[in-house]
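Reading through the C-alpha cells given below for one structure.
The values are calculated or read from the model by the stated rules, or taken from the named source; none is laboratory data. It should be emphasised that the depicted structure is a prediction, and the values quoted were computed from it without experimental measurement. With ideal geometry, Cβ positions are generated from the backbone for all residues, glycine too; neighbour counts draw on all protein chains shown. Protein only, heavy atoms only, side chains kept; ligands, DNA and RNA dropped before computing areas. Shrake-Rupley method; radii C 1.70, N 1.55, O 1.52, S 1.80 Å.
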Amino acid sequence: MFNLVIFGAPGSGKGTQSERLINEYGLHHISTGEVLRDHIARDTELGRIADSYISKGQLIPDDLMIRVLASVLDENPEKTSRGVIFDGFPRTIPQAEALKKMLEERGTQLDAVVGLEVPEEELVQRMIKRGHDTGRADDNLDTIKSRLDVYHKQTQPLRDHYIKEGAYHAIDGSGDTERIFADIKTALKK
Ligand code: AP5
Ligand code: MG
C-alpha cells in the first residue's frame, strides 16, 4: 500500500498530476475540492456549508473537513486498498495530524508528500484561464487572491512540517506536464 499527498498552491497542478499518477500506480484519488464541489452540485447540506467558504476562497473548518475525509476514506475500502493520493488535504497542521492518525488507525501510513512549486503569476494565469474555459466558480480574480492568501498563511507552514519529517519532495511544477510527471516518478522511486 502506498499513500501519497500531492501538495501545492491553488492551480499548481495537483489534479492534473493526480490523473497521471492514478494510471501509473493504480492508486485511488481523493480530491477534497472535488468532493465538496460534488456536494455543491447536488445541493446537499454539506454543499451549502462548503459553498459559503469556497466562494470566499476560505478553508472549510478543520473539524468538518476531517469528518468528511474520514467518511470518504471508509466509503470505498476496496478502492483504497492499493493506496490513496490525497489531493488538497491536508491544508493545515491539524488536518495533517488527523490524517496521520486516520492512516495509523487503518493500519497504514503516509509514504510521501509531493510538493508542486509554481511561481505565483503562473498560478494566477492558469486559474483565470480555467475560469474562462470552464466557469469554475472560485476561479475569478478576487477569490483567487483570497485562495492564495489563505494558502500562504494556513497551508504553507505544512511544507516546513513535512520537510522536517523528511517526507517532502519538491518538484518544479511549471512547464511541460510530462516533464513534471517524470520528475515526480523519479522522486517517488527514491
Ligand atoms: P481545491 O479544489 O483543492 O482547489 P485548489 O487547491 O485551489 O487547487 P485547484 O484545484 O484550483 O488546482 P490544482 O492544484 O488541482 O491544479 P490543476 O491540476 O487543476 O479546493 C477548492 C476549495 O475547496 C478550497 O479553496 C477550500 O475552500 C475548499 N477545500 C478543499 N480542500 C480543503 C481542505 N482540506 N480543507 C479546507 N477546505 C478545503 O491545474 C490548474 C489549471 O492549470 C488547470 O486548468 C490545468 O489544466 C492547468 N495546468 C496544470 N498543469 C499545468 C502546466 N504544467 N502548465 C500549464 N497549465 C497547467
Ligand atoms: Mg484541483
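Some points to look at:
- Taken as a whole, the structure leaves MET127 outside the set of residues that are in contact (Cβ under 8 Å) with a residue 24 or more places away in the chain and either in contact with a His (Cβ under 8 Å, 6 or more places away or on another chain) or more than 16 Å from ligand 2 (Cβ to nearest atom) (or both).
- LEU27 vs. criteria more than 8 Å from ligand 1 (Cβ to nearest atom), surrounded by 14 or more Cβ atoms within 10 Å (Cβ to Cβ) and within 15 Å of the chain's Cα centre (by Cα): yes
- Restricting segment 109-124 to residues that are open to solvent by less than 20 Å² (accessible area, probe 1.4 Å) and in contact with a Lys or Arg (Cβ under 7 Å, 6 or more places away or on another chain), the residue that is farthest from ligand 2 (Cβ to nearest atom): GLY115
- Of the residues examined, LEU64 is not one that is outside any helix (DSSP H, G or I) and under 19 Å from the mean Cα position of the chain (by Cα).
- Residues satisfying the stated conditions in segment 148-190, i.e. open to solvent by less than 30 Å² (accessible area, probe 1.4 Å) and assigned to a helix (DSSP H, G or I): LEU148, VAL150, TYR151, THR155, LEU158, TYR162, ILE180, PHE181, ILE184, ALA187
- Per-region count, segment 32-61, residues open to solvent by 30 Å² or more (accessible area, probe 1.4 Å), within 16 Å of ligand 2 (Cβ to nearest atom) and not in a helix (DSSP H, G or I): 1
- Residue, nearest to ligand 2 (Cβ to nearest atom), within segment 11-24, restricted to residues that are more than 21 Å from ASP139 (Cβ to Cβ) and open to solvent by 60 Å² or more (accessible area, probe 1.4 Å): ARG20
- Tally of residues being in a loop (DSSP other than H, G, I, E, B) and open to solvent by less than 20 Å² (accessible area, probe 1.4 Å) across segment 1-10: 3
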